[in-house]
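The structure under discussion appears below in the form of structure tokens.
The values are calculated or read from the model by the stated rules, or taken from the named source; none is laboratory data. Computed from a predicted model, the values in this text were never measured in an experiment. Neighbour counts run over all protein chains shown; Cβ positions are idealised from the backbone, glycine included.
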Amino acid sequence: MCGISVSYATDNASPSSATALQAQVDQSISAITHRGPDSTGTYVSPDGRVAMGHVRLSIIDLVTGQQPLHDDDYNVHVVVTGELYDYERIRAELEAKGSHFKTNSDSELVVHLYKCYGFNLLTWLRGEFAFVLYDSRRDLLFAARDRFGIKPLYYSLVDGHLLISSEVKAMRAFGWKPEWDVESVVQMGDLNDDRTVFKGVFKVSLMCIDRVNAYQIHHVYLIGPHGPLHHSPPYWPPKNSSLLGPFVCTSNCRGNSYGGGDD
């Protein structure tokens with residue numbers, strides 16, 4: 001499952017020391033350790049503007065897949081939750097272009113796809129995922145989710161700090177205080193837009209890059225917010241192991257779960 005928590009100081013934020021920010025991100029990810037009991041990791045920028053935390057449930061690359069992940073120059077920093085499908089094929093193509101992978105984790109694809117294709121990296125990704133990437137050289141941070149929104153990711157702006165996390169309660173360590181958004185609940189009921197039950201807390205859009213630079217948040221849809229979805233065939237094809245192969249990759253034991261949906 002995994003979980004992530006990020007704080008990014010915009011130009012309107014009060015300065016903070018790297019030591020204080022480290023304590024905050026440690027406290028933040030401790031609130032969501034149930035999402036990733038296998039390992040934890042953090043990154044705090046030397047200027048105290050950016051903190052990234054990750055709690056990991058190990059599925060692929062049990063040994064070297066700890067996060068945050070970084071490029072060779074230590075300019076690009078990424079935290080990822082979820083699973084990226086068909087990553088071995090994409091990795092081979094990137095290696096043919098000169099990319100050097102440090103781990104066997106599917107999550108490292110995000111680092112190298114960004115280095116090769118920039119914001120267009122989402123067009124290469126299939127799976128159930130959410131991630132936050134920070135490029136320190138460009139002072140640019142962005143967040144993205146898969147097109148179905150399987151993996152949760154929320155954001156809020158608190159005292160000039162952009163907070164992003166897998167669960168809202170992880171934001172409390174950075175000074176966020178919960179307040180019910182009764183109007184959203186009454187108006188929408190099921191909250192199928194970007195709002196949540198908390199005031200000032202929003203969902204990261206599906207298959208969209210929420211790009212942050214200085215104070216501005218820009219929504220960049222790489223695949224339309226309601227783009228075409230391919231429906232499943234009316235039957236389950238025989239001899240489907242070759243079809244499932246690219247999507248069932250794990251370093252743990254495999255299992256099946258069946259449900260007809262008629263109950």
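Residues that are modelled with pLDDT of 95 or more, in contact with a helix residue (DSSP H, G or I) (Cβ under 6 Å, 6 or more places away or on another chain) and not aromatic (F, W, Y) within segment 167-200 comprise A170, A173, listed in sequence order.
Within segment 1-17, can you find the residues that are touching a Gly at 6+ places or on another chain (Cβ under 8 Å), of a type outside the set (S, T, N, Q) and either at pLDDT 95 or above or surrounded by 23 or more Cβ atoms within 10 Å (Cβ to Cβ) (or both)? Give the steps one after another, and end with the answer.
So in segment 1-17, the residues touching a Gly at 6+ places or on another chain (Cβ under 8 Å) come out as 1-6, 9-17.
Still in the running and of a type outside the set (S, T, N, Q): 1-4, 6, 9, 11, 13, 15.
C2, G3, I4, V6, listed by residue number.
Being out of contact with any Pro (no Cβ under 7 Å at 6 or more places or on another chain) and closer than 22 Å to R147 by Cβ is true for just one of R56, R91, R49. Which residue is that?
Working: R56 fails: closer than 22 Å to R147 by Cβ; R49 fails: closer than 22 Å to R147 by Cβ.
It is R91.
Looking at the structure I just gave you, is D72 of a type in the set (D, E) and either under 27 Å from D38 (Cα atoms) or surrounded by 20 or more Cβ atoms within 10 Å (Cβ to Cβ) (or both)? Here the answer is yes, as D72 does meet what is asked.
Looking at segment 169-187 only, could you name the residues that are over 13 Å from V6 (Cβ atoms) and not acidic (D, E)? Walk me through it before giving the result.
Taking segment 169-187 first, the residues over 13 Å from V6 (Cβ atoms) are 169, 172, 175, 177-187.
Hits for segment 169-187 are K169, R172, G175, K177, P178, W180, V182, S184, V185, V186, Q187.
State whether one or more residues within segment 96-103 are in contact with a strand residue (DSSP E or B) (Cβ under 6 Å, 6 or more places away or on another chain) and modelled with pLDDT of 95 or more. Scanning segment 96-103 turns up no residue that is in contact with a strand residue (DSSP E or B) (Cβ under 6 Å, 6 or more places away or on another chain) and modelled with pLDDT of 95 or more.
For segment 64-75, does any single residue satisfy the condition of being outside any strand (DSSP E or B), among the hydrophobic types (A, V, I, L, M, F, W, C) and under 18 Å from the mean Cα position of the chain (by Cα)?
Going through segment 64-75, the residues outside any strand (DSSP E or B) turn out to be 64-68, 71-75.
Imposing the further condition that a residue be among the hydrophobic types (A, V, I, L, M, F, W, C) reduces the set to none.
No, because not a single residue in segment 64-75 is outside any strand (DSSP E or B), among the hydrophobic types (A, V, I, L, M, F, W, C) and under 18 Å from the mean Cα position of the chain (by Cα).
Counting the residues of segment 86-125 that are in contact (Cβ under 8 Å) with a residue 24 or more places away in the chain, in a loop (DSSP other than H, G, I, E, B) and surrounded by fewer than 17 Cβ atoms within 10 Å (Cβ to Cβ) gives 4. What do you reckon, is D61 among the acidic types (D, E), closer than 22 Å to D135 by Cβ, at pLDDT below 90 and in a loop (DSSP other than H, G, I, E, B)? No, not satisfied. Just one of the listed residues (K177, K199) is over 22 Å from T81 (Cβ atoms), out of contact with any strand residue (DSSP E or B) (no Cβ under 6 Å at 6 or more places or on another chain) and surrounded by 15 or more Cβ atoms within 10 Å (Cβ to Cβ), and it is K199.
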